[in-house]
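**Q** Quick one: the structure is below, and I'll ask about it shortly.
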Amino acid sequence: MTRDDLKKLLSDVKLGEKSVEEAFEILRDFPYSDLGYARIDHHREIRTGYPEIVYCAGKSVDQVSGIFSAMIKRENNIIGTRANEKMFEAVRNISDLAVYYPDARIISIQKKKMTFAETMIAVITAGTSDIPVAEEAAVTAELLGNRVVRIYDAGVAGIHRLVDKLPEIRKCRVVIVIAGMEGALASVVGGLVDKPVIAVPTSVGYGANFGGISALLAMLTSCSAGVTVVNIDNGFGAGFTASMINRIG
């Protein structure tokens with residue numbers, strides 16, 4: 001339920017178009033629904049502007065299916081991250097509106113039409129191996145109502161591939177930079193644009209990359225002002241934050 005939905009419900013009661021009993025039924029599970037294994041926060045969209053998003057990894061197929069079933073009843077758009085094909089098949093049995101993005105590992109159900117922000121978000125990867133994390137960021141941003149420019153395989157080993165795309169990047173309001181190995185691309189981009197840069201270190205790399213820690217530390221110690229860093233492989237966090245920035249005023 002959004003702020004506008006709640007205002008309309010209260011207005012309908014005031015005007016006599018809905019009874020108190022009807023409003024009570026709608027609001028009975030307003031704070032959250034308790035499924036035993038999960039308590040779904042229906043109040044979050046009013047507080048934050050975005051509905052609760054389901055992190056599917058670590059959950060069983062039945063649990064994911066149960067959570068989606070409960071959320072569908074609220075008529076909201078639903079996003080499930082880190083989902084696999086079996087989870088998607090279970091959700092598709094509940095709703096034929098379910099869509100699966102295999103690279104991003106995201107399930108979505110869109111019940112409401114989205115209004116898209118006028119400004120765009122750029123998602124840039126250092127290498128092709130970083131694309132799964134990039135797609136998680138890009139699809140998350142798109143499902144939250146943003147247009148995304150994808151620029152993949154533009155790392156520092158061939159920086160001309162990035163320079164060619166600078167006119168496109170500079171048209172965007174926020175830039176997400178995704179890189180493994182030494183994570184240098186975020187600093188390079190941060191020094192070339194006047195936009196906030198959200199850096200995502202990935203676990204891509206050889207042994208001394210330490211599963212993304214070397215890239216994380218490089219990004220955290222970047223000398224480029226305006227670079228903010230999320231957790232290793234956290235494409236969702238980058239896409240969500242970029243959406244919040246892009247949709248401010």
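No lab work stands behind these numbers, since they all come straight from the coordinates. The structure displayed is predicted, hence computed values, not measured ones. Positions of Cβ are generated from backbone atoms using ideal geometry, with glycine treated the same way; all protein chains shown enter the neighbour counts.
**Q** Residue by residue through the range 178-189, what is 3J(HN,Hα) from phi via Karplus (6.51 cos²θ - 1.76 cosθ + 1.60, θ = phi - 60°)? Round to whole Hz and write x for glycine and proline.
**A** 10, 8, x, 6, 8, x, 6, 4, 4, 5, 4, 5
**Q** Each label point is 7 Å from the Cα along the Cα-to-Cβ direction; what then is the distance between the points at residue 55 and residue 147, in nm?
**A** For the pair residue 55/residue 147, the computed spacing is 3.3 nm.
**Q** Based only on the alpha carbon positions, what is the Kirkwood hydrodynamic radius of the range 146-200, in angstrom?
**A** By the Kirkwood definition, the hydrodynamic radius is 11.4 Å.
**Q** So how much slack lies between residue 217 and residue 110, counting 0.36 nm per residue of separation and subtracting their Cα-Cα distance, in nm?
**A** 34.8 nm
**Q** Also, quick follow-up: How far, in degrees from 0 to 90, does helix 61-72 lean away from the longest principal axis of the Cα atoms of the chain, to the nearest 10?
**A** Helix 61-72 sits at roughly 60 degrees to that axis.
**Q** Let me know the Kirkwood hydrodynamic radius for the chain, please, with Cα pairs as the basis and the value in Å to one decimal.
**A** 19.4
**Q** Please list 3J(HN,Hα) in residue order for the range 119-126, calculated via the Karplus relation 6.51 cos²θ - 1.76 cosθ + 1.60 where θ = phi - 60°; whole Hz, with x for glycine and proline.
**A** 8, 10, 10, 9, 10, 10, 10, 6
**Q** Next question. Considering only lysines 8 or more places apart in sequence, or on different chains, count the pairs in the chain whose C-alpha atoms sit under 26 Å apart.
**A** Pairs that pass both the separation and distance tests number 28.
**Q** Read phi for every residue in the range 232-247 and hand back ³J(HN,Hα) as whole Hz from Karplus 6.51 cos²θ - 1.76 cosθ + 1.60, θ = phi - 60°, with x for Gly and Pro.
**A** After applying 6.51 cos²θ - 1.76 cosθ + 1.60, I find 4, 6, 8, x, 4, x, 5, x, 5, 5, 4, 5, 4, 5, 5, 9 Hz.
**Q** Nearest 5 is fine: what % of DSSP beta bridges in the chain come out antiparallel, could you say?
**A** Around 30 percent of the beta bridges assigned by DSSP in the chain are antiparallel ones.
**Q** How many nm is it between the label spots at residue 17 and residue 103, if each spot is 7 Å from the Cα in line with the beta carbon?
**A** About 4.4 nm, to one decimal.
**Q** Separate question: Which percent of Cα pairs goes in each bin when the distances of the range 171-249 are cut into 5 angstrom slices starting at zero?
**A** 3, 20, 27, 23, 16, 7, 3, 1, 0
**Q** Projecting each Cα onto the charge dipole of the chain (Lys/Arg +1, Asp/Glu -1 at the beta carbon, about the Cα centre), which of 76, 120, 57 comes out farthest on the positive side?
**A** 120
**Q** Take every Cα pair under 8 Å in the chain that's 6+ residues apart, average their separations, divide by the length, and report that relative contact order as a whole percent.
**A** 13
**Q** Using only the alpha-carbon atoms of the range 120-246 as identical scatterers, what base-10 log of I(q)/I(0) does the Debye formula give at q = 0.18 Å⁻¹?
**A** -0.81
**Q** Taking amide H positions as placed 1.01 Å from N in the peptide plane, with prolines and chain starts having none, which residues 5 or more places from residue 152, or on another chain, fall under 5 Å of its amide H?
**A** Amide H neighbours of residue 152: 125.
**Q** Under a Cβ-only charge scheme (Lys and Arg +1, Asp and Glu -1), can you give me the dipole magnitude of the range 37-150 about the Cα centre, in debye to the nearest 20?
**A** The calculated dipole for the range 37-150 is roughly 340 debye.
**Q** Taking the Cα centre of the chain as origin, work out the dipole magnitude from +1 charges on Lys and Arg Cβ and -1 charges on Asp and Glu Cβ, in debye rounded to 20.
**A** In total the dipole reaches around 480 debye.
**Q** Moving on. Whose amide H sits under 5 Å from the amide H of residue 229, counting only residues 5 or more places off or on another chain, with H placed in the peptide plane?
**A** When sequence neighbours closer than 5 places are left aside, the close amide H contacts are 199.
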